[in-house]
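**Q** Structure incoming, see below.
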Amino acid sequence: MVQAHDRTSLSLAVSSKMLDAGRSNSAAAETEIPAQHRPLGADPLSDVLGTVKLTGAMFFLVDASFPWGVAVPPARAFSSIILPRAQHIVSYHIILKGSGWAGIPNVTSTSFEAGDVLVLPHGDPYSMLSEPDQQPEFDTDATMDFFRAMAAGRLPFVAREGGGCEPRCEFVCGFLGCDMQPFNPLLSTLPRLLRIKRSHNGREGLLSSLIDLTLAEARRARIGGGSIRMRLSELIFVEVMRRYLERLPAHETGWLSGLRDPQIGKVLIMLHQQPAYPWTLNELASRACMSRAALAARFTHLVGHAPMQYLTLWRMQIAARLLGDSSMKVAAVGREIGYESEAAFSRAFRKTVGVSPAAWRSPYIG
């Protein structure tokens, strides 16, 4: 019944093909179900990334010479510059050469080195520095001016900064737009500053290939190059999230940990595959071969929401996407996610989201 919310963006459609191709030499790839034959909702990560409208916003390369440093303001300060219609901006940085320090003021700081990936999923202000505690060459005002010029196309893809001395540092800066409201289960469980360390077994694989493709495209002035780089930046972020999922410690909690858990992951797949189905805790527990109490406790511990609460939140995220992106009537949107009457859907939507379906839709119409 529910199909509209499973229509992912072009980037994710391409992502599915490229990600599968990148694993063609592994044993896992030999047994993987081809994307075109995979049941809808059987890949909740792609499901979430498609439904929260992941969109490339800005992407460039920094070539920094010592000493160097930049302070970045909160994402809400520059989101209107780089992607005006985005609810939220995610920043990520891929370190190609050298080392440095990244930090959120008064919250956390970490060193980084070539091969690392840094993700700032919550829109915090942050700094990238050649040495800890130094004064940045670019303060937040200068960074805002830079973003304005870059978004307007007045700057080259490679941005050079710093004092002109060794050692040098090169890193890719990516900024993505996405929805955070009413429910983004992926970003809500990520840490404030995420560092994914480089692999020491030489298995960088697909991520390196995507970065190489992006840099090669940037060096060729061709029509449509900016659009291609934006799509590639989305693919890079998807692969970064997959690497994070693969390296999560066993004790970690959060939506991705739930996705990795054999039983809870199965429940998440069922909820995403058939969100309009009249699920009960009894049926979910039976299909997961667990007791009601065990399922409720483990699901809540890992995911952060009880199973039926998660289902409601996910249904409302689907509804919010349909209300914003389609001309479907409110009653039809409600039926699409399992509500038989418009009144019941409207009550549930207002209770969960805080506004009526019509009020949520009005900014998109205007």
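**Q** Consider all pairwise Cα distances in segment 260-365 and report the whole-number % of them above 19 Å.
**A** Result: 45 percent of Cα pairs exceed 19 Å.
**Q** Given Cα pairs under 8 Å that are at least 6 residues apart, what percent is the relative contact order of segment 52-246?
**A** Relative contact order of segment 52-246: 35 percent.
**Q** How big is segment 39-87 on each of its three principal axes, counting only the C-alpha atoms and giving the largest first in Å?
**A** 52, 24, 15
**Q** Moving on. Grab the beta carbon distance between GLU340 and HIS301, set R0 = 25 Å, and tell me the FRET efficiency rounded to 0.05.
**A** Given R0 = 25 Å and the Cβ-Cβ separation, E is 0.15.
**Q** Return the lysines within reach of LYS329: Cα separation strictly under 29 angstrom, same-chain partners fewer than 8 residues apart disregarded; answer none if there are no such residues.
**A** In chain and number order, the partners are LYS53, LYS351.
**Q** Rounded, prolate or oblate: which one fits segment 118-204, using the alpha carbon gyration tensor with axes a ≥ b ≥ c (rounded when a/c is under 1.5, else prolate when a/b beats b/c, else oblate)? Walk me through the numbers on the way to the answer.
**A** On the way: a/c = 1.74, a/b = 1.23, b/c = 1.42.
Verdict is oblate for segment 118-204.
**Q** Give me the percent relative contact order of the chain, please, defined on Cα pairs under 8 angstrom at least 6 residues apart.
**A** Computed value for the chain: 20 percent relative contact order.
**Q** For the chain, build the charge dipole from Cβ charges (+1 Lys, Arg; -1 Asp, Glu) around the Cα centre, then report which of CYS173, GLN134, PRO307 sits farthest towards its positive end.
**A** Toward the positive end, the furthest listed residue is PRO307.
**Q** Evaluate the Debye formula for the chain with equal point scatterers sitting on the alpha carbons, no solvent, and hand back log10 of I(q)/I(0) at q = 0.06, 0.14 Å⁻¹, in q order, two decimals.
**A** -0.24, -1.25
**Q** Between SER362 and GLU166, what is the spin-label point distance in nm, taking each point 7 Å from the Cα along the Cα→C-beta axis?
**A** Placing both labels 7 Å beyond Cα along the Cβ direction yields 6.3 nm.
**Q** Beta carbons within 10 angstrom, averaged per residue: use that to sort the peptides 175-182, 97-104, 316-323, highest first. Walk me through the numbers on the way to the answer.
**A** On the way: 175-182: 21.0, 97-104: 18.5, 316-323: 23.5.
Averaged packing, sorted descending, gives the order 316-323, 175-182, 97-104.
**Q** Report Rg/Rh for segment 52-246, rounded to two decimals, where Rg is the Cα radius of gyration and Rh the Kirkwood radius.
**A** In segment 52-246, Rg relative to Rh is 0.93.
**Q** Between LYS329 and THR110, what FRET efficiency follows from the Cβ-Cβ distance if R0 is 45 Å, with the result rounded to 0.05? Before the final figure, lay out the partial values.
**A** Working: r = 49 Å, r/R0 = 1.09.
Efficiency, rounded to the nearest 0.05: 0.35.
**Q** Cut-off under 18 Å on the C-alpha distance; same-chain residues fewer than 8 positions from LYS197 excluded. Which aspartates and glutamates are left, in chain and number order?
**A** GLU113, ASP116, GLU170, GLU239, GLU246, GLU252
**Q** Let's see if you can work this out: charge +1 on each Lys and Arg Cβ, -1 on each Asp and Glu Cβ, no other charges. What is the dipole magnitude of the chain about its Cα centre, in debye to the nearest 20? Don't skip to the end; give the middle numbers.
**A** Values: 38 positive and 33 negative charges, 200 e Å.
Dipole size: approximately 960 debye.
**Q** Return the FRET efficiency for the residue pair ALA250, LYS197: r is the Cβ-Cβ distance, R0 is 22 Å, and the value is rounded to the nearest 0.05.
**A** With a Förster radius of 22 Å, E is 0.80.
**Q** Right, next: Can you tell me how much longer the chain between VAL355 and ARG76 gets when fully stretched, taken as 0.36 nm per residue apart minus their C-alpha distance, in nm with one decimal?
**A** Difference between extended and current length: 98.2 nm.
Computed from the coordinates by the stated procedures, all read-outs in this text should not be read as laboratory data. Quantities reported herein were computed from a predicted structural model and do not represent experimental measurements. We place every Cβ from the backbone using ideal geometry, glycine too, and count neighbours over all the protein chains shown.
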